[in-house]
1. Looking for something under 22 Å from the mean Cα position of the chain (by Cα) and more than 23 Å from Thr388 (Cβ to Cβ) - is there at least one such residue anywhere in the range 301-318?
2. Taking the criterion of being small (Gly, Ala, Ser), within 30 Å of Ala60 (Cβ to Cβ), free of Cβ contacts under 8 Å to residues at least 12 places away in the same chain and not in a helix (DSSP H, G or I), would at least one residue in the range 278-290 satisfy it?
3. Starting from residues that are more than 12 Å from the ligand (Cβ to nearest atom) and assigned to a loop (DSSP other than H, G, I, E, B), keep the ones in the range 219-249 and report whichever is surrounded by the fewest Cβ atoms within 10 Å (Cβ to Cβ).
4. Could you say which residue among Leu349, Leu338 is more than 30 Å from Asp186 (Cβ to Cβ), crowded, with 19+ Cβ neighbours inside 10 Å, at pLDDT 95 or above and among the aliphatic types (A, V, I, L, M)?
5. Within the range 352-380, can you find the residues that are part of a loop (DSSP other than H, G, I, E, B) and either over 16 Å from the mean Cα position of the chain (by Cα) or without any contact (Cβ under 8 Å) to a residue 60 or more places away in the chain (or both)?
6. If we scan the range 95-107, do we find a residue that is more than 16 Å from the ligand (Cβ to nearest atom) and either surrounded by fewer than 21 Cβ atoms within 10 Å (Cβ to Cβ) or part of a loop (DSSP other than H, G, I, E, B) (or both)?
7. If a residue counts only when it is within 16 Å of the ligand (Cβ to nearest atom), which helices (runs of 4 or more DSSP H) contained entirely in the range 1-79 have at least 3 such residues?
8. Go over the candidates Gly165, Gly198, Gly182 one by one and state the one that is surrounded by fewer than 16 Cβ atoms within 10 Å (Cβ to Cβ) and not in a helix (DSSP H, G or I).
Amino acid sequence: MTLLNLLASRSSRMKASEIRELLKLLDQPDIISFAGGIPDPSLFPAAAIGDAYQAVLGGAEAGAALQYQVSEGFLPLRKWLAAYMGSLGVACDEANIFITSGSQQALDYLGKLFLSPGDTALVTWPTYLGALQAFNAYEPRYDRLNTAGGNMTPEAYRAAAAANGGKVKFAYLVPDFANPTGNTLDARQREAVLDLAGELDIAVIEDAAYRALRYDGEAVPPILAFDCARSGGIDNARTLYCGSFSKILSPGMRVGWVCAARHVVEKLVLMKQASDLHSPSINQMVMHRVAETIFDRQVEKLIGAYRRRRDALLSALEASMPQGITWSRPDGGMFVWLTLPQGADATELLARSVKEARVAFVPGNAFFADGTGRNTLRMSFTLADDRTVGEGVPRLARLLRG
Ligand SMILES: Cc1ncc(COP(=O)(O)O)c(C=O)c1O
């Protein structure tokens, strides 16, 4: 018997991405890959994390570390995060902090909390693929959030949502060094997102996964900080800030957080109780110790290493890419976004590139909720050492010259 005809309608949009399948084939050692959007494991603070696990398990905290705990998360970590958010211009306390198993879980929970089937989520074209995957389970429709301006009128957004039998519920965006484009919103654009959200009376999900990884220029305050200033404080804010330790300390430990109005945190806590009770106690306790001692130093170390790699990738693209191809010049994060001439197909190019040039990247199409963007692709520079860049970029450029 097959159980597949018993599945809930929400599962119909849960599909293995063809790109993820293709990228699985890329583990062969002679492939030069710019595909994986992951931190460089050689830069993980393994010794500090190892020492912290030993200290937690070898001392008085061992029982608590191995025990169940409250769904909100480990209190000292929540206090540390409230102070960290304060340093970014968001005055809050631990009641505004909710610990998740990575920020991916926050996206799932927020989708579950806000989206009824047929509701509309506003996302940028392109957006983070993992957010689309998280939201898809709640059967939304997507409309375009254009952070450069030129959005539809609030009435037009509302009418389109109503025609689909739902309401516009939130705008989701990655305002710092976005995955996949590398782009960052300036203060005016952040205010404009809040203006639109205010007119529509919707939530804003601010995905800040890359925020600390700035290599040039001045940091722009989080959207949540602008929101607190205009709404009179975090408990009146419409912005839900999703943070993560993954890109700085370790993605494997799965520790992220949401900073939001306490009435939203209270709902998320109930959701977590029903889902996995709480994030792993021991990982939260270790993350707290490690963050307290080395967070800033680790950020500096990553900035030094990744800035060099970004610069090397940008120089190599400049030196070898043919006319007609453009790319983003990110001030931080992990990604450079290339636009090929109209009519080009980056998925086809990947298949040829793997075969003929032995170079991999991620085709951009999967990041577009409307299925466009076939002439775009994403390159990650976090694992791009000199050999990767020095050989990989000219090989890809030769293929593109044809
Ligand atoms: C924009 C963005 N948000 C969220 C995540 C999820 O990160 P984590 O669940 O490890 O915090 C990622 C991971 O790549 C990402 O790129």
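1. no
2. No; the residues of the range 278-290 include none that is small (Gly, Ala, Ser), within 30 Å of Ala60 (Cβ to Cβ), free of Cβ contacts under 8 Å to residues at least 12 places away in the same chain and not in a helix (DSSP H, G or I).
3. Per the stated criteria, the residue is Gly232.
4. Leu349
5. Arg358, Phe361, Asp370, Gly371, Thr372, Gly373, Arg374, Asn375, listed by residue number.
6. yes
7. The helices (runs of 4 or more DSSP H) meeting that bar are 18-24.
8. Checking each option against the conditions leaves just Gly165.
The values are calculated or read from the model by the stated rules, or taken from the named source; none is laboratory data. Predicted, not measured: the structure shown is a model, and the values here were computed from it. Methodologically, a virtual Cβ is constructed for each residue, glycine included, from the backbone with ideal geometry; neighbour enumeration extends over all protein chains shown.
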